[in-house]
1. Which condition breaks for Val23 when tested against (1) modelled with pLDDT of 90 or more; (2) surrounded by fewer than 11 Cβ atoms within 10 Å (Cβ to Cβ)?
2. Which residues, counting only those in the range 31-41, are in a loop (DSSP other than H, G, I, E, B) and loosely packed, with under 10 Cβ neighbours inside 10 Å?
3. Tell me which residues, restricted to the range 40-58, are in contact with a strand residue (DSSP E or B) (Cβ under 7 Å, 6 or more places away or on another chain) and on the phi > 0 side of the Ramachandran plot.
4. Quick one: in the range 38-54, which of the residues that are among the basic types (Lys, Arg) and free of Cβ contacts under 8 Å to residues at least 12 places away in the same chain is nearest to His6 (Cα to Cα)?
5. Of the numbered conditions (1) without any contact (Cβ under 8 Å) to a residue 12 or more places away in the chain; (2) assigned to a loop (DSSP other than H, G, I, E, B), Leu9 satisfies every one except a single condition; which is it?
6. Conditions: (1) surrounded by fewer than 12 Cβ atoms within 10 Å (Cβ to Cβ); (2) touching a residue at least 12 places away in the same chain (Cβ under 8 Å). Lys57 meets all but one. Number of the miss?
7. Anything in the range 18-37 that is aliphatic (A, V, I, L, M), within 18 Å of Tyr4 (Cβ to Cβ) and within 10 Å of the chain's Cα centre (by Cα)? List them, or say none.
Amino acid sequence: MALYEHVFLARQDLSQQQVDALVEQYKGVISANGGSVGRVENWGLKSLTYRVNKNRKA
């Protein structure tokens, strides 16, 4: 089975509980389509090089 790495960004105004719920939602989508999540890492709040939808941090 091929291994894939995926990174997604969340807005800076989301609470930690909302971020956790978002992670669980993505894990559910992956599991529903026959995949599995090997590891989850939270990188915290990072500054972006370029603005994304008027946001400088994600």
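The values are calculated or read from the model by the stated rules, or taken from the named source; none is laboratory data. All values reported here derive from a predicted model rather than from experimental measurement. Here the Cβ is made from the backbone with ideal geometry for all residues, glycine too, and neighbour counts use every protein chain on show.
1. Only one criterion is unmet by Val23, namely (2).
2. Asn33, Gly34, Ser36, Gly38, Arg39, Glu41
3. Correct list: empty.
4. Arg39
5. (1) is the only condition that Leu9 fails.
6. (1)
7. Val23
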